[in-house]
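So the structure is just underneath, and the comments pick up after that.
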Amino acid sequence: MSNRIVRVGIIGCGGIGVGKHLPSLAKLKQVEIVAFCDIVEERAVKAAEQYGTSDAKVYTQYEQLLQDTSIEVIHVCTPNDSHCEISVASMEAGKHVMCEKPMAKTAAQAREMLDASRRTGKKLTIGYQNRFRPDSQYLKQVCSDGDLGDIYFAKALAVRRRAVPTWGVFLDEEKQGGGPLIDIGTHALDLTLWMMDNYKPKMVVGSVYHKLGQRENAANAWGPWDPKEFRVEDSAFGYITMENGATIVLESSWALNTLQVGEAKTVLCGTEGGADMEKGLRINGEKHSRMFVNEIDLAGGGVAFYDGNVEKDQDVEARQWIECIINDTEPVVDPAQALVVTEILEAIYESAKSGKPVYFN
């Protein structure tokens, strides 16, 4: 990258902002994090002290932050229901926007964000960092090279046995728009569509369950949840048919009685081969009248005493995002692709509510 400095402001200094975005941005010499906004002022102050420049400013209202014309990039790390409002306002204020996933609470809001990016000429990307994992990058190259042929069946997997997030607004349907489907199912679906390079859904059938959320004193990775606060689904499933006839099965859960767990993973089946991420990255196929399975070694090192310099997926995401600002190139996560993810998720919820398939135009 060049020596040009990109001045960044962050809106939302909660878990995802402090846990993902700020640490990754702070590693980049071309970035100065100069403004911090949160409705809880103490959170913004703490984040500024840890990651900000010496003259970093703190705000409790994002509109005030956006008035700073020296800020070039905004990271939106707020609850889902405010992604659209803040992202659109940021782009209209002349800022490029990295918005945390999902793109928005509703498809209409996601379309409004895409329209704002095209209208203002400002870059917009969505925080699907799982695209930047080593296994994802390798598999994307396999798919792009045509090694799997025509991918006509896939599974998008985001299944937890008992890992319900009990902090923040994760259990609040009004703020988030849903539970595991919109929270982690969105990662698995994005990854799968990206591998297939297929963004034309035809029809969706969805099932949404509220089976375990009302249990008292439930076993859970982060301690028991409060049943009175659990207002979203505990699992959701979708059957997606694409215009070209391909099929995707989407499985998502925070709480499900299963041992077949995995998060942000995909299974791909094509005419020339298949791939899965269930036990590392495996490529399968047929050659010389025999079947084969290749287990891909993604370790960074090559000798016993050196592990190699392997970046975390969120660090690669931040670096490539800032590079596209500096070099005026397109971000890896195209907002038009992220819109399709949101449209499909919304269709699964709609189908589950109506009991009928949802057809796309």
- Averaged per residue, the 1.4 Å probe accessible area of segment 208-265, protein heavy atoms only, in Å², is roughly 53
- If r is the Cβ-Cβ distance from residue 54 to residue 290 and R0 is 45 Å, what FRET efficiency results, to the nearest 0.05? 0.10
- Task: Pop the C-beta distance of residue 219 and residue 279 into the FRET formula with R0 = 30 Å and round what comes out to the nearest 0.05.
- Result: 0.75
- Using the Cα centre as the reference, give the magnitude of the dipole from point charges on the C-beta atoms of the chain (Lys, Arg: +1; Asp, Glu: -1; all else neutral), rounded to the nearest 20 debye. 340
- Item | Percent carbon-and-sulfur accessible area, segment 1-71, ignoring ligands, DNA and RNA, probe 1.4 Å | 48
- Note on the structure: The alpha-carbon center of segment 85-136 and that of segment 226-265 are separated, in whole Å, by 24
- Packing-based order for 51-58, 337-344, 248-255, using average beta carbon neighbours within 10 Å, highest first: 248-255, 337-344, 51-58
- Message: How big is the dipole moment of segment 89-225 about its Cα centre under a simple scheme where the beta carbon of each Lys and Arg is +1, that of each Asp and Glu is -1, and everything else is neutral? Debye, nearest 20, please.
- Response: 80
- Task: Report relative contact order for the chain in percent, whole number only (criteria: Cα-Cα under 8 Å, sequence separation at least 6).
- Result: 19
- Where Lys and Arg each count +1 and Asp and Glu each count -1, what net charge lies around residue 211 among other residues with Cβ under 15 Å from its Cβ? +1
- Using eta = 1.002 mPa s and T = 20 °C, Stokes-Einstein with Kirkwood Rh from Cα pairs puts D for the chain, in µm² s⁻¹, at 100
- Note to self, the chain gives a 222 nm [θ] from helices alone (DSSP H runs n ≥ 4, -39500 (n - 2.57) apiece, / all residues, nearest 500) of -8500 deg cm²/dmol
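Output the relative contact order of segment 17-94, whole-number percent, from Cα pairs under 8 angstrom with separation of 6+ residues.
25
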- Find how much the distance from residue 197 to residue 272 grows on full extension, using 0.36 nm per residue of separation minus their present alpha carbon separation; answer in nm with one decimal. 25.4 nm
- Starting from the Cα of residue 320, step 7 Å along the direction of its Cβ; do the same at residue 112; then give the gap between the two resulting points in nm. 2.9
- Item | Relative packing of peptides 18-26, 121-129, 75-83 - highest average C-beta neighbours within 10 Å first | 75-83, 121-129, 18-26
- Query: Looking at the chain, what % of its DSSP beta bridges pair antiparallel, to the nearest 5?
  - Reply: 55
- Message: Order 258-268, 165-175 from most to least packed using the mean count of other Cβ atoms within 10 Å.
- Response: 258-268, 165-175
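The values are calculated or read from the model by the stated rules, or taken from the named source; none is laboratory data. The structure presented is a predicted model; accordingly, all values stated were derived computationally and were not measured. Cβ atoms come from the backbone with ideal geometry, glycine included; neighbour counts cover every protein chain shown. What goes into the accessible areas is simple: the full protein's heavy atoms, side chains included, and nothing from ligands, DNA or RNA. Shrake-Rupley method; radii C 1.70, N 1.55, O 1.52, S 1.80 Å.
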